[in-house]
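Let me begin by presenting the structure, written as C-alpha cells, before commenting on it.
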Amino acid sequence: MTRHCPKCGQEPSKTKPFIEGFCANCYFERQPLIVLRHPPQAKICPRCQAYYHRGKWIRQGEKTQPDHLYDMVCDLLDPLFLPSQPAAFEIQLLEPPLGDSAKIKAVQVEITAKADEYPHEEQQVLTIPVTPILCNQCKQTAGGYFEAVLQIRSFSGKLDPDQGDQIVAYLNQRLIENDAPTSSLKFQETRGGFDAKCISGRLCRSLAKNLAEQFGLIATTSSKVAGRTRDGKTLRRDTYLLRFPPYQVQDVIAYKQQPFVITGIRNGRYTLTNPVTEQRETLSPKDLAEIDAELLNDEVETYQVISKEAEVYQLMSQADYSIFDLLPPTQELQVGAMVRAIEWQNQLVLLPEIEE
C-alpha cells in the first residue's frame, strides 16, 4: 500500500523521506528546528563592555566589539536551542552595533539551522534586547572604592614622561591579560610621578610584582587600617611604592674605577657589562641605587667606521670629525657602520650593544 503524507498527499522517496508519518516539509512546519526554551535577554556593562553569562561577567579583552558581541550571542543562544530533530546551527550578526556600548539597545542576529538527517534548512531573524547594567567591578569603581595603591616614582627625582607612559601601557596590557576591566585602575598624577588606585588587592599585588620584574624597580610595601566590616573585621589598604633606580638601561657609569654599561634587565636584576674586560655583573635595583658611581652618558659619542688597515679600525667622530684608531674589538665591524664609544684613560673603548 502506498503511503501518503496525511497533510499534503505527497509520497515518500529517497530524496524526500517521511518523519513520523509526515513528509519533511509538513513535519517541520508543525515542529520547526529553530525553537528557543525562552526569549534571550542580554546584559552588558556600559563602562567596560563585559556581558553577563551564567553568573559571571565576560570581558572583551583584546577582541573587537563585533567579535565580543558575537561571543555574547553564541553564549546566550546555544543553551536555548530546542530543535525537533538533531541539527547544526549557525549564528550571524546583522549590522553589529558599533560605538558606545551604553547606547546599544538590541542586537539583531540571523539564525540558520540545518537538520542532520533530513534535507531541511530554516532561517530566522531574532532581535535580542540589551539591558545596560554595571558589572561588580565597575560598581565599585563608580563608588570610589579601592583596596590598594600603586605609587610609581623615580629614586632620583621627577619621573621621566617616557617611563610613565611605558608603565601605564604595561599596566593596561596586564589588565587585558588578567581579564580585568580598564576601570580596575584609576590613575592620578602626583608631584614625583603618579598613583594607580586598584579595586582589587590581589590584582594590585600581582601588578606590583610584574612591574618590579619588568622594569627593574625598587619595591617596598606598607599597609594601614582603612576601616572595619559589618562583622567587626579590620580592613587594611596596602600601598606598593615602586621606584626607578638612579641609573637605567643604556646608561654608562664609572663603577669600581672602570667603565660599565647597563645593558639590560633580566628577572628584575640589572646586567652591567665592562666594555674593556667584558666582565659582567648583575645587581638588584636596590643595590644599583646604592652604588657609588659617576654617570658618563655625556662622554659617549657616536663614531663611524671609515676604514680598516691591518688589524686597526679607523673611526671618525660625528661630533667634531676627528679620527681615532681602534684596536680589533671582539666583534667584526663593517666599514660605514655607526657605533657608540667612549674615551677611557686615553683609549677609545667600543660600547656593547644593548640587550632587547
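Quick note: the coordinates plus some simple rules give every number you see, no bench work behind them. Bear in mind the structure is a predicted one, so any value in this text is a computation, not a measurement. We place every Cβ from the backbone using ideal geometry, glycine too, and count neighbours over all the protein chains shown.
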Exactly which chymotrypsin sites (Phe, Trp or Tyr not before Pro) in the range 123-193 are in a DSSP loop and have at most 14 other Cβ atoms within 10 Å?
-> 145
Take the alpha carbon atoms of the range 161-205, find their center, do the same for the range 117-157, and report the distance between the two centers in whole angstrom.
-> 17 Å
Given only helices, namely DSSP H runs of n ≥ 4 each adding -39500 (n - 2.57), what is the per-residue ellipticity at 222 nm of the chain, to the nearest 500 deg cm²/dmol?
-> -5500 deg cm²/dmol
In degrees from 0 to 90, rounded to the nearest 10, what is the angle of the helix 201-215 Cα long axis to the longest principal axis of the chain?
-> 40 degrees
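Cα-Cα over 32 Å: which of 114/139; 56/197; 63/139; 56/233; 158/233? Walk me through the numbers before you get to the answer.
Details: 114/139 42 Å; 56/197 24 Å; 63/139 23 Å; 56/233 27 Å; 158/233 39 Å.
Check vs 32 Å cut-off fails for 114/139; 158/233.
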Cβ crowding within 10 Å averaged over residues, with 18-27, 158-167 ranked highest first = 18-27, 158-167
Got the relative contact order for the range 133-267 handy, in percent, Cα pairs under 8 Å and 6 or more residues apart?
-> 28 percent
Answer in debye to the nearest 20: the dipole magnitude of the range 75-215 about its Cα centre, from +1 Lys/Arg and -1 Asp/Glu charges placed on Cβ, is 1160 debye
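Could you tell me the relative contact order of the chain? Use alpha-carbon pairs under 8 Å, at least six residues apart, and round to a whole percent. Display every interim value, and only then the final one.
Values: 660 pairs, mean separation 36.5, N = 356.
Dividing the mean separation by the residue count of the chain yields 10 percent.
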Residue farthest toward the positive end of the dipole of the chain, with Cβ of Lys/Arg at +1 and Asp/Glu at -1: which of 339, 262, 79?
-> 79
With a ≥ b ≥ c the root eigenvalues of the C-alpha gyration tensor of the range 18-133, is it rounded (a/c under 1.5), prolate (a/b larger than b/c) or oblate?
-> prolate
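Given Cα pairs under 8 Å that are at least 6 residues apart, what percent is the relative contact order of the range 252-350? List each step's numbers first, then the result.
Values: 174 pairs, mean separation 20.5, N = 99.
Relative contact order for the range 252-350 comes out at 21 percent.
Quick one: grab the alpha carbon gyration tensor of the range 137-240, order the square roots of its eigenvalues as a ≥ b ≥ c, and give me rounded if a/c is under 1.5, else prolate or oblate depending on whether a/b is larger than b/c. Each step should come with its number before you reach the end.
Numbers: a/c = 1.91, a/b = 1.47, b/c = 1.29.
Here the range 137-240 falls in the prolate category.
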Taking the Cα centre of the range 18-133 as origin, sum charge times position over the Cβ atoms of Lys and Arg (+1) and Asp and Glu (-1), and report the length of that vector in debye to the nearest 20.
-> 760 debye
Excluding residues fewer than 8 places away in the same chain, name every one of the aspartates and glutamates whose C-alpha is closer than 17 Å to that of residue 209.
-> 147, 177, 195, 238
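Please work out whether the range 309-356 counts as rounded, prolate or oblate from its C-alpha gyration tensor, where a ≥ b ≥ c are the square roots of the eigenvalues and a/c under 1.5 means rounded, while otherwise a/b larger than b/c means prolate and anything else oblate?
Details: a/c = 1.31, a/b = 1.13, b/c = 1.15.
Here the range 309-356 falls in the rounded category.
Within the range 259-341, list the chymotrypsin sites (Phe, Trp or Tyr not before Pro) lying in a DSSP loop whose Cβ has at most 12 other Cβ atoms in a 10 Å radius. It would help to have the intermediate numbers written out before the result.
Numbers: sites: 260, 270, 303, 313, 321, 324; in loops: 321.
Loop-located and lightly packed - 321.
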